[in-house]
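Report on one structure; see the data block that follows.
The values are calculated or read from the model by the stated rules, or taken from the named source; none is laboratory data. Nothing here was measured: the structure is a model prediction, and the numbers come from that model. Glycine also receives a Cβ, built like all others from the backbone with ideal geometry; neighbour counts cover every protein chain displayed.
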Ligand SMILES: [Zn+2]
């Protein structure tokens with residue numbers, strides 16, 4: 001008896017499907033606005049002829065045109081250049097509260113001492 005089928009098929013090389021994009025999507029796009037409790041908005045004064053991407057409409061924004069800087073919680077390192085009109089629209093929609101507006105929604109800002117006390121008591 002001739003046993004067939006043994007060794008005849010040796011192309012069983014298993015190549016695992018390698019996905020080039022199996023990295024976790026951690027890096028946020030630099031043209032998106034960081035989620036924050038409140039935002040500071042001020043007029044941008046820019047003389048550099050650079051182009052930005054508006055975080056609201058994703059449209060191009062020329063630095064030389066009139067626009068505003070939106071800083072999450074006043075953090076200027078995370079500021080974004082945005083169209084004045086888009087910023088006004090976001091403000092009107094309530095998605096861009098100012099610090100005063102945010103503070104008004106807070107029940108009662110605990111003092112530094114109260115916060116420290118709460119933290120130390122929750123650790124035990
Ligand atoms: Zn815009």
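Scanning the stretch 51-79 for residues that are away from the ligand (no atom under 16 Å from the Cβ) and part of a loop (DSSP other than H, G, I, E, B) yields 73, 74, 75.
One line per residue, one yes/no per condition, for (1) modelled with pLDDT under 95; (2) touching a strand residue (DSSP E or B) at 6+ places or on another chain (Cβ under 9 Å); (3) outside any helix (DSSP H, G or I):
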site	(1), (2), (3)
90	no, yes, no
96	no, yes, yes
101	yes, no, no
109	yes, no, yes
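If the condition is being away from the ligand (no atom under 16 Å from the Cβ) and out of contact with any strand residue (DSSP E or B) (no Cβ under 6 Å at 6 or more places or on another chain), then the stretch 34-49 contributes 35, 37, 38, 45, 47, 48, 49. With respect to (1) under 15 Å from the mean Cα position of the chain (by Cα); (2) under 13 Å from residue 31 (Cβ atoms), the lone exception for residue 95 is condition (2).
Just to verify a result, which residue in the stretch 85-124, among those that are under 17 Å from residue 55 (Cβ atoms) and without any contact (Cβ under 8 Å) to a residue 24 or more places away in the chain, is farthest from the ligand (Cβ to nearest atom)? Here the answer is 94. When the residues of the stretch 34-50 are filtered to those that are exposed (fewer than 12 other Cβ atoms within 10 Å of the Cβ) and in a loop (DSSP other than H, G, I, E, B), the one that is nearest to the chain's Cα centre (by Cα) is 35.
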